[in-house]
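Written below as structure tokens is the structure these notes are about.
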Amino acid sequence: MGTESVARVTSTLLASLVLAVGLTATARAASYEAGKHYDVLPEPQRTNVAPGKVEVMEGFSYGCTGCDQFQPIMKKLKAALPANAQLVYLPASWHPEENWPTFQRAFLTAKSLGVAEKAHDQMFDAVWKTGELAVLEGTTTGRLKKNLPTIEDIARFYQRTTGAKPADFVAASQSFSVDLKMRQADAQIRAMKVPSTPTLVVNGRYRVNNNAIQSPDDFIGLVKFLVAKESAGPKPAQAPAPASGAKKN
């Protein structure tokens, strides 16, 4: 077979493969069903991203071992999201016995200081790998610690990982602004009917049903499907800007 014939055959095979992959992806997208793979929230919720962006929100806690185990998938998802999608985090506070409210306060404090994203992975490691901020006697197994990490302990962690001054971190954690954001986070968790962590909500409209996901790639495909669906549809209202005269400590 001549060079030109080989080139034609190769070109035809590549075109067929691309078509097959495209048809497979289309068929999989068509199989995602509301009420099975994802739930449509009865009332769309406000988002916290810029106009034109599609919000992908993870309900989570640093005290949640499932969230820690889910991090590799979240990293793959973040890398796979289109440019118009933005990943954000919503900290839950359900389990005070596991220090969730303190971790919620810490995340929102770090976010207010602009260092939350920088130390996000390291916070999980500090709780579940190194033991620096562990809630269990054996870090990953065992009984709950009698003395759980305090906001001062977490402030020292952020100093080590981000350079934030502990005194500034503790002061910010006790501010009216962070207290308000904690109440707002709890209200948003309830409004989005987040049943457990980790849970993803796309653009305040679609809540991913983890029980229907077959694989990490299936999960990523579903989120991208919902992002595309939302990109083509009407946009939810944006969260209002905080009042300029809000009281601060």
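Rule-based calculations on the coordinates, nothing more; no lab input. All figures in this text were calculated on a predicted structure; none of them were measured in a lab. Positions of Cβ are generated from backbone atoms using ideal geometry, with glycine treated the same way; all protein chains shown enter the neighbour counts.
Residues within the reach of a label modelled at A191 (point 7 angstrom out along Cα to beta-carbon, backbone nitrogen below 19 Å), restricted to region 36-55, are 39-55.
The relative contact order of region 114-214 comes to 13 percent, based on Cα pairs under 8 Å that sit 6 or more residues apart.
Here the extension length gained between Q159 and Q174 equals 3.7 nm, from 0.36 nm per residue of separation less the Cα-Cα distance. Remark: relative contact order (region 56-190) = 24 percent; criterion is Cα-Cα distance under 8 angstrom and separation of 6 or more residues.
Across the cross-link table entries K76/K224; K78/K118; K129/K224; K111/K165; K53/K224, which are compared at the Cα atoms, the separations over 20 Å belong to K129/K224. As a rough footprinting exposure proxy, the listed residues M182, M123 were ranked by other beta carbons within 10 Å of their own, and the order from fewest upward is M182, M123. Ordered by the number of other Cβ atoms lying within 10 Å of each residue's own Cβ, fewest first, S173, S112, S93 fall into the sequence S112, S93, S173. A50 to T150: FRET efficiency via 1/(1 + (r/R0)^6), r the Cβ-Cβ distance, R0 45 Å, to the nearest 0.05? Efficiency at R0 = 45 Å is approximately 0.80.
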